[in-house]
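Undergrad: I have a structure here, written as structure tokens, and I will follow up with some questions on it.
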């Protein structure tokens, strides 16, 4: 029998393996030894292990506060309802295979279960070591395929998180992370969201050093965070009034879409088509299920199942109910990290989640990949009272495997 910690490590390693092979196949040379079905079996096994941990272990003892547990349980319950709702709406068994073997349908929302990993202080060092090991190996592999379009960026997705940990790292690991960041930015400039994610992490890193040496008023920080979180709401309000914030920022561009054009507005159309579909099908409240698609005139399909914007994706598949539950757990984590942490690293993670919410309305696709898995580990960490109670020095010792 495996212990809870061993099961979680196995699930995390499987998720990493799936992420690596999925993006190698998608953006790089195809690995013939692993076909599409075999790849997704890895992800399904990883998700099933986390479902077992959620249902069959006493993970709730790692978190204090019934409100946070209730919110998370409601979110997981709603995801499960949306999952089985999709199956019940299928007209034949032939629809089950593409549903299960899809990164953006059946598996898409199960990264939230890695919340369980983040809340337990005993898992952090092991997860961190595995993540560092993966980044080093994936970086070395990516250099052999540096000419493949944006492959390096996707292979080392967790870099946005590791940048924030730079103050807690050894000298050579700091140099490594900075060097890899420069490499990714140099070869992946066409991926606006990916580059922006890295630049935001460096902004948070700068804020860390400022807070380390200068006492910053907590009310000022909270006010700034509140104003930043109001940006998506203000943008949605403008959209209702018929004004696109994307066109206001990027300007009018009537040329045909090109991924190589950094000024192309690729989001207004998505918002328009998804909102139109939800309006005509009257599914704004409860969504259409995890296998949902929307009618897209631009992409010439009656059921486009992938949306490049996380907010639209979760709205389409789980409705306003799912969105409120999803965002509430994250906002709760932000409040705890910024207001109830003794160490600056946890405050940095709170700022990271703030940036995630902003990008959630622009990018941050919901999928079973390391971006979403790392985010939900961070959400769990921000809910962990033990992690928030550590000092800066104790947290550094924790990452280095010393007694906190």
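Undergrad: When the chain is modelled as a GNM with alpha-carbon springs shorter than 10 Å, which of 170, 384, 328 fluctuates the most?
TA: Result: 170 has the largest fluctuation of those listed.
Undergrad: Post the alpha-carbon centroid distance, region 325-342 to region 36-82, in whole angstrom.
TA: First find each Cα centre; the distance between them is then 19 Å.
Undergrad: Could you calculate the contour length gain from residue 17 to residue 286, that is, 0.36 nm times the residue separation minus the distance between their Cα atoms, to one decimal place in nm?
TA: Working: separation 269, 0.36 × 269 = 96.84 nm, distance 3.33 nm.
Result for the pair: 93.5 nm of gain on full extension.
Undergrad: With a 10 Å cut-off between alpha carbons and a GNM built on the chain, which of 354, 117, 216 moves the most?
TA: Comparing 354, 117, 216 in the GNM, the peak value goes to 216.
Undergrad: Related question: Using the Cα gyration tensor of region 39-88, with a ≥ b ≥ c the square roots of its eigenvalues, what is the shape: rounded (a/c below 1.5), prolate (a/b larger than b/c) or oblate (neither)?
TA: Here region 39-88 falls in the oblate category.
Undergrad: First check a/c for region 290-404, with a ≥ b ≥ c the square roots of the eigenvalues of its C-alpha gyration tensor; if it is under 1.5, answer rounded, and if not, answer prolate when a/b is larger than b/c or oblate otherwise.
TA: prolate
Undergrad: Here's something else I'd like to know. So, in nm, how far is label residue 130 from label residue 193 when the simple model puts each one 7 Å beyond its Cα toward the Cβ?
TA: A separation of 2.5 nm, rounded to one decimal place.
Undergrad: Have a look at 162, 177, 229 and tell me which one the Gaussian network model of the chain (Cα, springs below 10 Å) gives the largest fluctuation.
TA: Between 162, 177, 229, it is 229 that shows the largest mean-square fluctuation.
Undergrad: Indicate the gyration tensor shape class of region 90-218 (rounded, prolate or oblate), computed on the Cα atoms with a ≥ b ≥ c the square roots of the eigenvalues: a/c under 1.5 is rounded; otherwise a/b larger than b/c is prolate and the rest oblate.
TA: prolate
Undergrad: Follow-up question, since we're still on this one. For 203, 382, 82, what ranking results if the residue with the fewest other Cβ atoms within 10 Å of its Cβ goes first? Present the calculation step by step, with values, prior to reporting the outcome.
TA: On the way: 203 13, 382 30, 82 24.
Starting with the residue having the fewest Cβ neighbours, the order is 203, 82, 382.
Throughout, read-outs are computed from the coordinates displayed, never taken from laboratory work. None of these values were measured; they are calculated from a predicted model. Note that each Cβ is placed from the backbone with ideal geometry, even for glycine, and that neighbours are counted across all protein chains shown.
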